[in-house]
Structure formats: structure tokens, C-alpha cells
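The values are calculated or read from the model by the stated rules, or taken from the named source; none is laboratory data. Bear in mind that the values here come from a model prediction, so they are computed numbers and not experimental data. As a convention, Cβ positions derive from the backbone with ideal geometry for all residues, glycine included, and neighbour counts pool all protein chains shown.
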Amino acid sequence: MRETDVVVIGAGQAGLSSAYYLQYYGMDDYVLLDAAEGPGGAWRHRWPSLRLGKVNGIYPLPGFPPIDEDADRPASEVVTEYFGAYERQYGLHIQRPVNVVSVSEGPSDRFVVATDAGDWSTRALVNATGTWTRPFWPYYPGMGSFQGRHLHTADFRDVEELRGRRVIVVGAGSSATGLLLELAALADVTWVTRRPPVIRDVEWSENIGREVVAKVDRRVRAGLPPESVVSATGLWVPPGARAELEALPWRPIFKEVTPDGVRWADGTELKADVILWATGFRAALDHLAPLGLRAPGGGIVMDGTRVVAEPRLHLVGYGPSASTVGANRAGRQAARELHALLSSKELVSS
């Protein structure tokens, strides 16, 4: 079993930021385990038609210049190149592809990180697995009877696949609105959400961002699962897109799925070839289950990035740090606190 001071799981923005700050604080005895074949995190899986100019914004990685690329290039390509350049520039200790199976308590106050490439023994852990591998599929009666295609944004690749199709888009987040705007020109789309969508009129600001972070932080400190992004931020769309979205057919959420489409409580039906579930993701934390961290409320009680019940474990890109700017701050906080914790333990043991 290989030994190290810190294992970082996941090489998205939060994981790369954590590795950078571990090195910044002189903690070079770490390893970053990433399940992907190459750099890019979740961005490497985004659909090719999602252009850089259509995303809400990508905050630069710490110690690195911002992305300066053609807005018409696919975001997946640009961010993958950017992350790869960052890994090379700072010589981050990345091993891939490595799939983490579980994390459990080990001997001598250590964690055992079991992977498909062997096990690691570590004094501390930074979990940066994000949400991409856990798409959320809500359940509605009759879903299994649908003769068309169920498609989640996690599996979406090309708008051309849906040309001329009758598509129901379910969801009210940025993925849903982005796909609606792309599909409106080539498919028969209907937008369905649980509540009438309310598009924010004011421009995004740092004050609004702080309010959103504070709201999510209160939930995770209470041991509750983080809410969906749109529930915390409201619905934001690119400038000029509001009128286009409001012109699309909208319906409240249906009661059930039928073989031919969907049906509402009043008996109204809508036929569809594809139901596109833009219903978000949940935190990918199943590998941490052996540690028994869940609170009665279903979440994990946090203080910043630190798990209250286990100070050797930090969750970055979780809760209030689940954003590009939040991920950078979270990586710095986790590295700083682990440096202080492990240094104090070294002094005690000596």
C-alpha cells in the first residue's frame, strides 16, 4: 500500500486548485487521483455545440491567466486545453485514470483509499469529485413505458441529433435554458418546469454571489444537502436571450409519462419523441459512505470546506464552493487548514 500525506480525489477546478495550494504551502507529499483519461474535469464531457461564448463564465485557475480564446470554439475543447496546460505548468502530481472505489478508516489515524489501481494510505483527504458522475433523474409514473428516448444532459452530445424532433425539455437551470436556445431553431420544443420560470432582471454582482454562497453555507452547516443551483441563484440567462426564452411554449410539470409523451392532471397530453431531462446533478460522494458522515438531515455537516465530524477530510466543490470562483477559494482553504493540522500532529508526534 502506497503512503502519502494527502490524497486529492478529482481533477476538476476544485481539485486542481487544491493541488496548487498544497504545493504553495510546501505540502509536496500528495497525489491527485482522477478517473478521467485526460484533463478537463466535467468540461471534457460537455456537448460540442456548447460554445465558449455561451457559458456563464469560467474563473481562472489560481496563479494562471484567464482563458483568452475564440468565443465560437467548443467550451469542452478550450477548458480541456486550459486545464492540461495548468497541470503541466505546475507539475501537479496527477495519476489517471484511477477510479476511487471507497474511503475507509485505516490504522495509525489514516484513511485507506481503495482504487482500481491499488490502495493508498493517507493522513488527510481532499474530496473534489463534483457532481457530473451523478446525474439526477426524477421519477414520474410511466417513465418506463415511454416509447421515445429519455436523455439527460450528462449524455447529451449534439443538437443535430434532435433536428425535426418533438422535444420536451424538463428543468430550469442554465443547462436547460442553454439547450432550449440551441434547439429552438431546429426542433419542436416545449419547456416544462416545476414552477413558472422567473428570470432575474438584475445583472449578476458580487453582492448577489455572496448572498447565494451564504444561503448554501447555512444549509450545509445544518447538515442539509445543498439545494439545486437555480434554487439558490434564480434563473440567469445571457443578455438578449430572455425574449427568446419567453417566446417558447411553457407548461408546468406533468403528472405522468405515457408511451407517446406526457400527460397532465387535467388529462391534457403532449406527444414527444424525446424527453430531455435537464434536471441537474447530485454530489458524487458514494465512495465516502464507509466513513458514516451523513447527518440526520441527509447532508454532511460542514464548516467551510472541513467536515465537522472529521477534520482530516475536506470537501471542495461541494455546497457553497460548487462554482468556479468558489472552487478556487475552497482549494486554498482546504490546503491551508490541512497544512496547519498536519504540522501540529507532526509536532505532537515528535
Self-check item: Selection count where residues are closer than 27 Å to Ile199 by Cα and either among the hydroxyl-bearing types (Ser, Thr, Tyr) or loosely packed, with under 14 Cβ neighbours inside 10 Å (or both), scope segment 144-159
Solution: 4
Exercise. Answer yes or no as to whether Gly15 is assigned by TED's automatic domain parsing to the domain that holds Glu105, at pLDDT 95 or above, touching a helix residue (DSSP H, G or I) at 6+ places or on another chain (Cβ under 8 Å) and in a loop (DSSP other than H, G, I, E, B).
Key: no
Exercise. Identify, from the list Ala295, Ala330, Ala335, the residue that is at pLDDT 95 or above and either surrounded by 15 or more Cβ atoms within 10 Å (Cβ to Cβ) or part of a strand (DSSP E or B) (or both).
Key: Ala335
Quiz item: Based on what the data block shows, is Ala154 farther than 24 Å from Val307 by Cα, in contact with a Ser or Thr (Cβ under 9 Å, 6 or more places away or on another chain) and not in a loop (DSSP other than H, G, I, E, B)?
Solution: yes
Exercise. Could you identify the single residue in Asp303, Asp266 that is more than 17 Å from Ala128 (Cβ to Cβ), touching a residue at least 12 places away in the same chain (Cβ under 8 Å) and acidic (Asp, Glu)?
Key: Asp303
Self-check item: Single match in Arg88, Arg46 (criterion: surrounded by fewer than 19 Cβ atoms within 10 Å (Cβ to Cβ), closer than 30 Å to Gly118 by Cα, out of contact with any strand residue (DSSP E or B) (no Cβ under 7 Å at 6 or more places or on another chain) and not assigned by TED's automatic domain parsing to the domain that holds Leu183)
Solution: Arg88
Quiz prompt | Given (1) within 18 Å of the chain's Cα centre (by Cα); (2) surrounded by fewer than 20 Cβ atoms within 10 Å (Cβ to Cβ); (3) modelled with pLDDT of 90 or more; (4) not basic (Lys, Arg), number of the condition Ala309 does not satisfy | solution = (1)
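To keep it simple, each residue is scored yes or no on (1) surrounded by 20 or more Cβ atoms within 10 Å (Cβ to Cβ); (2) farther than 22 Å from Thr305 by Cβ; (3) of a type in the set (S, T, N, Q).
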{"site": "Pro97", "(1), (2), (3)": "no, yes, no"}
{"site": "Val100", "(1), (2), (3)": "yes, no, no"}
{"site": "Val112", "(1), (2), (3)": "no, no, no"}
{"site": "Thr122", "(1), (2), (3)": "yes, no, yes"}
{"site": "Leu125", "(1), (2), (3)": "yes, no, no"}
{"site": "Thr129", "(1), (2), (3)": "yes, no, yes"}
{"site": "Thr133", "(1), (2), (3)": "no, no, yes"}
{"site": "Gly142", "(1), (2), (3)": "no, yes, no"}
{"site": "Thr177", "(1), (2), (3)": "yes, yes, yes"}
Exercise. Quick one: in segment 65-85, of everything that is of a type in the set (Asp, Glu) and surrounded by fewer than 15 Cβ atoms within 10 Å (Cβ to Cβ), which residue is nearest to Gly292 (Cα to Cα)?
Key: Asp68
Quiz item: Which of the helices (runs of 4 or more DSSP H) contained wholly in segment 178-283 include at least 2 residues that are under 24 Å from Glu161 (Cβ atoms) and at pLDDT 75 or above?
Solution: 242-246
